[in-house]
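Coordinate-derived values only; no laboratory data. Being a predicted model, the structure only gives us computed values, none of them experimental. Virtual Cβ from ideal backbone geometry, glycine too; neighbours counted across all protein chains shown.
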Amino acid sequence: MSPDLTDLRLFVHIAEAPSLTRGARRAHISTAAASARIQQLEARLGQQLFYRSNRGMELTLAGQRLLIHARRVLHQMDYLIEDMSESQAPEGHLRILANTTAVTELMPAVLSTFLAERPRLTIDLRERLNHDIVRGVTQGSADMGIVAGPLAAGPLERYHFSTDRLVLITSPGHVLAERQNITLGDMVDHYHVGLHDSSSLMQFLTHRFQDIGATLKLRVQVSSFEAICRLVAAGVGIGIIPESAARRHCLLMTLAMIHIDAPWAVRERSVLVRDATALPGGGLALLEALRHYGQRTEEVVDSQR
């Protein structure tokens, strides 16, 4: 007998908790009833789904496989209900995972127009690292992912929507300000202004410095590119940010912008989905809006170089 949707939802709640008690509470049933339903589910599938211990519930390999499929089935059912219900918006709800630049720079610009034209569409946008984005889209916890740079995306569909490059910014009076091009080694002895440690860009840069046997010397860490630019303009340190963000802030602040001489400085942005044709309402339209915005941004940056 195949598992029903109630069993799958309970299973996902417990797996995400990961606790039988908390999972049962989320499903609005008693712990005893939840335990019995999970045992019945395991019997139907002929697989043990959880390791049970005093520390909680840990998925077995079979449980990990089921979690991927269960999320996909439940999300598709949610999409079906949204699309068929007259009381719901035709566009529905989108779950998006994105890297730092997309969350802080790209998505606000895209969504301001896109959502204004779709008053009933709702979006859950969360910042994640590249590998977490790939896993989230693959496992079905997100409908769409936005990443930068080369990475293995497995069976996911990848749609290019723009290319940007990382640049160094300094105050006009900084010793590096007159350089046309610069290498990472040239920056080792200088203090940097950077993003918080959990940002994908900061982790990427930390690894690049480690590649050359150096440490990224941080003086201040902030939460936005605007804050980086303001501190750099004040002479607090130097910073590495996307060129598109640097050019925008250079219109408001006095900054020197220097190209970084390294292949990794060029960053291709991509949208990842499992199946574009299966996206919930509004998903395909957002995918096209992202690609159109990326093309326009590339054209503007190219004209300014």
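Counting only other residues whose beta carbon sits under 11 Å from that of ARG44, what net charge do I get with K and R as +1, D and E as -1?
-2
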Original post:
Once amide H atoms are built 1.01 Å from N in the peptide plane, which residues 5 or more positions from ARG128, or in another chain, come under 5 Å H to H?
Top reply: ALA98, ASN99
Original post:
Got the relative contact order for region 86-239 handy, in percent, Cα pairs under 8 Å and 6 or more residues apart?
Top reply: 24
**OP:** Measure nothing but the geometry: give the 0 to 90° angle between the long axis through the Cα atoms of 61-84 and the longest principal axis through the Cα atoms of the chain, rounded to 10°.
**Re:** 90
Subject >> Orientation-averaged projected area, Cα convex hull of region 5-84 (nm²) >> reply: 5.2
Original post:
At q = 0.14, 0.15, 0.23, 0.24 Å⁻¹, what is the log10 ratio I(q)/I(0) for region 145-221, with the Debye formula run over Cα points and no solvent?
Top reply: -0.60, -0.67, -1.22, -1.28
Original post:
By count of other Cβ within 10 Å, fewest leading, how are THR277, THR101 ordered?
Top reply: THR277, THR101
Original post:
Between the helical axis of 5-16 and the dominant principal axis of the chain, each derived from Cα atoms, what acute angle in degrees is found, rounded to the nearest 10?
Top reply: 50
**OP:** Counting other beta carbons within 10 Å of each Cβ, put PHE209, PHE11, PHE225 in order, fewest first.
**Re:** PHE209, PHE225, PHE11
Subject >> Between helix 130-139 and the chain: long-axis angle, C-alpha atoms, 0 to 90°, nearest 10 >> reply: 20
Original post:
Exposure proxy check: ASP189, ASP7, ASP78, ASP143 ranked by fewest other beta carbons within 10 Å?
Top reply: ASP189, ASP78, ASP7, ASP143
Subject >> Stokes-Einstein D in µm²/s, Kirkwood radius over Cα pairs - region 118-276 at 37 °C with 0.692 mPa s viscosity >> reply: 195
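Net charge around VAL147, counting only other residues with Cβ within less than 11 Å of its Cβ (Lys, Arg = +1; Asp, Glu = -1)?
Its environment carries a net charge of +2.
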Original post:
Where does the charge balance sit around SER171 when Lys and Arg score +1, Asp and Glu -1, over other residues with C-beta under 15 Å from its C-beta?
Top reply: +2
